[in-house]
Amino acid sequence: MLSQLSVKNLAVVERLDLSFEPGMSAVTGETGAGKSIILQALGLALGVRADSNLVRHGKDKADISAAFALESNQTVQNFLTENALEDEGECILRRVITSDGRSKAFINGNSVPLSTVRNVGDLLLDIHGQNEHQLLLRPEQQMRLLDGYAQLEVDKQKLNEVVRAYKSLNEKIENLINNQEAIEQQQALYSHQLEELTEAMLDQDELNTIEANFKTSSNAQAIIEKTSGVLSQLESESGANEQLLALSSQLSEAIEMDDRLQTGFELLSSAQVQTQEVVYELTQYLSQLSTDEQSVVEMEERISELYALGRKHQCQIEELILVRDQLTIKLEEIGGGVSSIDEMKAQLEELSKRYMDQAKRLSETRQIKAEELSQLVTEAMQVLGMPGSEFKVELNTKNDGVHLNGHEVIEFLVKTNMGQQFKALKKVASGGELSRISLAISVVSSDSEYTPTLIFDEVDVGISGAVAEVVGRKLQKLAKNYQIICITHLAQVAAFGHQHLCVSKVQNEQGAQTNVIQLNDQQRVEEVARILGGATVTDKARVAAAEMIASSQP
């Protein structure tokens, strides 16, 4: 609900701070006092187009803030959370308009686009006025009202889940069909590449070692010469091994005279043993080293083949098996996609049947509830000063296919006099009639989901007496479920308010200034008496006002 409205330097308002209470708030004042400034300020806070002329003369900027309490409004809380704008159960909309025509919008202190403000504003407040934006005129809101009245929101959500699944699957099928030629070409390419890699008889051990083996084989003669020379020097009678043996023998004799030579002896013996191991290792290596020229040629051809495959697939030869496996997976995916079109079409048909069943049940319930809502709203319009008028909820069938929200487009129709044709609600000429129709619909559908704050601007235009009392009573009834703010010229309507705000305008050296105050009980009697009696307030008018207020409160 709207809890606070603060306005600075907007048109005839220099400074205004208003607190709003739950229930029904009546707003009254002399004609021309500036009651519309409240609507104007709220409209700006909710994102309507701004004009530099709205900035108070002599000021640099206008600043408007509207605070809403969200304790029971989970929809708005979810919206703020999804957009990282949450602020512990409160939503503060702020609009700053500069004298050069620029403006900025904020939600809970965060700068946001006006579109975001409008989106959240549609969930917070609805203004039913002659020239204000009205959710009720929007087709989506008309459907929301009917479905809310019929308690179809959960069924509609389930239907839309089926629709989204259908559309997603249908898009996949169309993509497969439209890209069939390209898919077949890709499949042929992958098959050819996989065949080449399969015929290459790839082995990971070979891929990891072939380059090193080729390098060794192609240089075998030089390796043999160098290795044999080293081995000869180690094994000859005067070679390193024989010398180490002789030296070890001499040092062992010296140890008998001084055991401190033990460490040196052990190191020398270890060197001799290591040298002998080198001899064994080199001998074994030479025995295994091949100098077969034919083998070298074959290995060179094999490496050339592998390098060619590596260049084709832009990888190292060690990665060729990975590439082969990836091609196998890609072919399976493509083959599965192509071969599964029939299967996907069968799934699509099943989704279509589910949609038709659910949409049919939705349509049947909508039709029953549309007739019921039409009758109830028509009855409410009779007692709201619109005798002979009728209201009708029309269900227009969409083209064949699968549609979000079902088969129907919902349209609210009215005729304001007997003998006339039904017309779309948005084409009703009289703003006062539109406000009362809105009131009738809101009262009848007050158990359905709706914006938590409703503002009615002069719903009493063209009515008086008993009808005005009915309007006031209807608004008070509606205030059990919503916060109602009603701008009115009628005492019979104002008397039903739980809170009474009075708008006045004064002239001073700085120009016109509009003020709004919340009336206490005595001030409220005086204001209602003024509305009843005109410029001169008599004691009789005060008594009548007091009785009217007392009889209007629950």
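The values are calculated or read from the model by the stated rules, or taken from the named source; none is laboratory data. This is a predicted model, so every value here is computed, not measured. Cβ coordinates were reconstructed from backbone atoms using ideal geometry, including for glycine residues, and neighbour counts include every protein chain displayed. Quick note on the areas: whole protein, heavy atoms, side chains included, nothing else; ligands and nucleic acids left out. Shrake-Rupley method; radii C 1.70, N 1.55, O 1.52, S 1.80 Å.
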For this session: For Lys104, go through the aspartates and glutamates and keep the ones whose alpha-carbon is under 12 Å away, minus same-chain ones fewer than eight residues off.
Result: Asp63
Exercise. Counting only protein heavy atoms, what percent of the accessible surface of the chain is carbon or sulfur at a 1.4 Å probe?
Worked result: 48
For this session: Please list, or write none, the aspartates and glutamates whose alpha carbon is within less than 19 Å of the alpha carbon of Lys59, excluding same-chain residues fewer than 8 places away.
Result: Glu14, Asp17, Asp51, Asp100, Glu509
Problem set entry | Cα-based reach from Lys226 at 18 Å (exclusive), listing lysines while leaving out same-chain residues under 8 positions away | Lys215
Problem set entry | In order through segment 395-402: 3J(HN,Hα) via Karplus (6.51 cos²θ - 1.76 cosθ + 1.60), integer Hz, x for Gly, Pro | 9, 9, 6, 7, 4, 4, x, 10
For this session: Apply the Karplus parameterisation 6.51 cos²θ - 1.76 cosθ + 1.60, with θ equal to phi minus 60°, to every residue of segment 235-245 and state each ³J(HN,Hα) to the nearest whole Hz, in sequence, with x for glycine and proline.
Result: 9, 5, 4, 9, x, 4, 5, 5, 5, 5, 5
For this session: Please name which of Ala165, Gln288, Leu207 has its Cα lying farthest along the dipole of segment 143-290 towards the positive end, using unit charges on Cβ (Lys, Arg +1; Asp, Glu -1) and the Cα centre as origin.
Result: Ala165
Exercise. Averaged per residue, what accessible surface does segment 117-192 expose to a 1.4 Å probe, in Å²?
Worked result: 52
Exercise. Once both labels are modelled 7 Å past Cα along the beta-carbon direction, what's the Gln284-Ala346 spacing in nm?
Worked result: 6.3
Exercise. By average Cβ neighbour count within 10 Å, what is the ranking of 93-103, 172-182 from highest down?
Worked result: 93-103, 172-182
Seminar exercise, completed: Counting sequence-distant residues (5 or more places) and residues on other chains, those with an amide H built under 5 Å from that of Glu411 are Glu394, Asn396
Exercise. Between Asn110 and Lys353, what FRET efficiency comes out of the Förster formula 1/(1 + (r/R0)^6) with R0 = 45 Å and r the beta carbon distance, rounded to 0.05?
Worked result: 0.45
Exercise. Sorted by mean Cβ packing within 10 Å, highest first, what order do the peptides 257-266, 357-366, 489-498, 49-58 take?
Worked result: 489-498, 357-366, 49-58, 257-266
Exercise. Which pairs in the list Lys392/Lys474; Lys8/Lys480; Lys172/Lys330; Lys369/Lys474; Lys167/Lys426; Lys158/Lys415 are over 25 Å apart, alpha-carbon to alpha-carbon?
Worked result: Lys8/Lys480; Lys167/Lys426; Lys158/Lys415
Problem set entry | Asp258-Thr536 pseudo-label distance in nm [points 7 Å out on the Cα-to-Cβ vector] | 14.4
Exercise. Applying the Karplus parametrisation 6.51 cos²θ - 1.76 cosθ + 1.60 with θ = phi - 60° to the phi angles of segment 21-29, what ³J(HN,Hα) value in whole Hz is obtained for each residue in order, glycine and proline being reported as x?
Worked result: 10, x, x, 10, 10, 9, 10, 10, x
Exercise. By how many nm would the segment from Ile223 to Asp521 grow when fully extended, if each residue of separation counts as 0.36 nm and the alpha-carbon distance is taken off?
Worked result: 95.8 nm
Seminar exercise, completed: With no solvent term and unit scatterers on the alpha-carbon positions of segment 20-123, Debye gives log₁₀ I(q)/I(0) at q = 0.11, 0.20, 0.24 Å⁻¹ of -0.38, -1.06, -1.28
Problem set entry | Theoretical gain in end-to-end length, Thr209 to Gln233 [0.36 nm per residue, Cα-Cα removed] | 5.5 nm
Exercise. How much accessible area does Met201 have with a 1.4 Å probe, in Å² rounded to the nearest 10?
Worked result: 150
Exercise. Among [x] 1.21; [y] 1.86; [z] 0.96, which is the computed Cα Rg over 2.2 N^0.38 Å?
Worked result: [y]
Problem set entry | Net lengthening on full extension, His57/Leu267 (0.36 nm per residue, minus Cα-Cα) | 65.2 nm
For this session: Calculate the spin-label point distance for Ala466 paired with Thr98, positioning each point 7 Å from the Cα along the beta-carbon direction, and give it in nanometres.
Result: 6.0
Seminar exercise, completed: In degrees rounded to 10, the 0-90 angle between helix 36-45 Cα long axis and the longest Cα principal axis of the chain is 0
Exercise. What FRET efficiency, computed as 1/(1 + (r/R0)^6) with R0 = 45 Å and r the Cβ-Cβ distance, is obtained for Phe422 and Ser551, rounded to the nearest 0.05?
Worked result: 0.75
